[in-house]
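Participant: The structure that follows is given in the form of structure tokens.
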Amino acid sequence: MESIVTTKINAGIMLDELKGGIRFGTDTLLLSHFCGKGKNGGDLGSGSGVLSFLLLATGKAGHMTGVELIKEYAELSVSNAEKNGLTGKFECHNCGVEEVSGKIPAGSMDFVVTNPPYLKNACGRQNRNPLKFAAFHETTAGIDGFCALASHILKSGGKFYCIYRPEYLAKLIYAMETNRIKPKKLRFVHPSEGKSPSLVLVEGKKDGNDSLVILDPLYIYADGSHAKYSPETEGIYNELA
């Protein structure tokens, strides 16, 4: 197994992460802030469990169920839950999203969150580290598979929250619509004013109607030098501190 790095992050969480894998970052923090509240939540591609733990620690969720393909991450998320006193509020299924049927009851989730891979296996630079490769590439299931599982486990009217790359937004929305999840809110995330968006936050609703709101853009940094966070980003960090 990769060596472990332990970091104290927002909401007082002590997080063990794989040194050579994908680590906690701004995208996870933004998605946790963007999410609404619900009693039972699903975390698809849950990794080390950090997104679930942020939602639990801030009272946005009562219980979180993770789904994680990579065994090392799934095991780490369970030990992280124990380390943070969240064992009774978190569980993780070590399998691909296409294998979950029957393990999580249909219609049992109030909301689902995901920070899914977005590159096809043959696209992009081929990272030699298999943990990072799996985090960015659709190794077993694409966004259609993630949305299909989300729709299966969401109750009617349940919410879907996702952070994705803007250049692939069309396929995300198509996958949502195909699986009865109507896009309700979009928010583009820009490095700074004048820069193209690098991320997009999306909220959907299972069996929702055709009403979509484009929220004001979120700027990570105060200016083009990227030396200081914007007031809103600072506020998000402080809110979850």
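The values are calculated or read from the model by the stated rules, or taken from the named source; none is laboratory data. All values derive from a computational prediction rather than experimental measurement. Positions of Cβ are backbone-derived with ideal geometry, glycine not excepted, and every protein chain shown enters the neighbour counts.
Participant: ASP207 - would you say it is of a type in the set (D, E, K, R), at positive phi and loosely packed, with under 15 Cβ neighbours inside 10 Å? First the steps, then the outcome.
Facilitator: Working: of a type in the set (D, E, K, R): yes; at positive phi: yes; loosely packed, with under 15 Cβ neighbours inside 10 Å: yes.
In short, yes.
Participant: From (1) in contact (Cβ under 8 Å) with a residue 60 or more places away in the chain; (2) surrounded by 17 or more Cβ atoms within 10 Å (Cβ to Cβ); (3) closer than 30 Å to LYS8 by Cα, pick out the condition that doesn't hold for ILE153.
Facilitator: (3)
Participant: For the list (1) part of a helix (DSSP H, G or I); (2) free of Cβ contacts under 8 Å to residues at least 24 places away in the same chain, I need the number of the one condition that SER225 fails.
Facilitator: (1)
Participant: I've got another one for you. Given the residues THR233, THR178, which is the only one that is among the β-branched types (Val, Ile, Thr) and over 18 Å from ILE163 (Cβ atoms)?
Facilitator: Numbers: THR233 fails: over 18 Å from ILE163 (Cβ atoms).
Within the list THR233, THR178, the selection yields THR178.
Participant: Pick from region 1-39 the residues that are among the polar types (S, T, N, Q) and surrounded by 20 or more Cβ atoms within 10 Å (Cβ to Cβ): which of them is farthest from LEU201 (Cα to Cα)? Talk me through it step by step, then tell me what you get.
Facilitator: Narrowing region 1-39 to residues among the polar types (S, T, N, Q): 3, 6-7, 10, 26, 28, 32.
Those left that are additionally surrounded by 20 or more Cβ atoms within 10 Å (Cβ to Cβ): 10, 28, 32.
Details: ASN10: 20, THR28: 11, SER32: 10 Å.
Checked region 1-39; the qualifying residue farthest from LEU201 (Cα to Cα) is ASN10.
Participant: Here is a follow-up. Mind counting the residues in region 61-76 that are in contact with a Gly (Cβ under 7 Å, 6 or more places away or on another chain), under 18 Å from ILE153 (Cβ atoms) and not in a strand (DSSP E or B)?
Facilitator: So the answer is 1.
Participant: Now for a separate question. Under 8 Å by Cβ, and 6 or more places apart or on different chains, what pairs join a residue from region 5-30 that is within 14 Å of PHE53 (Cα to Cα) and in a helix (DSSP H, G or I) with one that is modelled with pLDDT under 85 and of a type in the set (A, V, I, L, M, F, W, C)?
Facilitator: Every condition considered, the pairs that remain are ASN10/LEU240; ASN10/ALA241; ALA11/LEU240; ALA11/ALA241; LEU29/LEU240.
Participant: Checking SER225 against (1) within 22 Å of the chain's Cα centre (by Cα); (2) among the small types (Gly, Ala, Ser); (3) surrounded by fewer than 17 Cβ atoms within 10 Å (Cβ to Cβ), only one condition comes out false. Which one?
Facilitator: With respect to (1) within 22 Å of the chain's Cα centre (by Cα); (2) among the small types (Gly, Ala, Ser); (3) surrounded by fewer than 17 Cβ atoms within 10 Å (Cβ to Cβ), SER225 is out only on (1).
Participant: Right, ALA134: more than 19 Å from TYR174 (Cα to Cα), in a helix (DSSP H, G or I) and modelled with pLDDT under 55 or not?
Facilitator: On the way: more than 19 Å from TYR174 (Cα to Cα): yes; in a helix (DSSP H, G or I): yes; modelled with pLDDT under 55: yes.
Judged against the criteria, ALA134 is a match.
Participant: Considering only residues that are over 18 Å from GLY20 (Cβ atoms) and within 14 Å of the chain's Cα centre (by Cα), which ones fall in region 62-75?
Facilitator: Step one: of region 62-75, the residues over 18 Å from GLY20 (Cβ atoms) are 62-67.
Scanning region 62-75 gives MET64, THR65, GLY66, VAL67.
Participant: List, please: which pairs have Cβ atoms under 8 Å, are six or more places apart or on different chains, and start with a residue in region 173-187 that is crowded, with 19+ Cβ neighbours inside 10 Å and end with one that is modelled with pLDDT under 95 and hydrophobic (A, V, I, L, M, F, W, C)?
Facilitator: none
Participant: Can you run down the residue pairs with Cβ atoms below 7 Å, 6 or more apart or on separate chains, where the first is in region 75-89 and closer than 14 Å to GLY12 by Cβ and of a type in the set (Ser, Thr, Tyr) and the partner is surrounded by 15 or more Cβ atoms within 10 Å (Cβ to Cβ) and at pLDDT 95 or above?
Facilitator: From residues that are closer than 14 Å to GLY12 by Cβ and of a type in the set (Ser, Thr, Tyr), there are no pairs.
Participant: A further question on this structure: Kindly establish whether ALA241 is assigned to a helix (DSSP H, G or I), hydrophobic (A, V, I, L, M, F, W, C) and in contact with a Gly (Cβ under 9 Å, 6 or more places away or on another chain).
Facilitator: On the way: assigned to a helix (DSSP H, G or I): no; hydrophobic (A, V, I, L, M, F, W, C): yes; in contact with a Gly (Cβ under 9 Å, 6 or more places away or on another chain): yes.
Answer is no for this residue.
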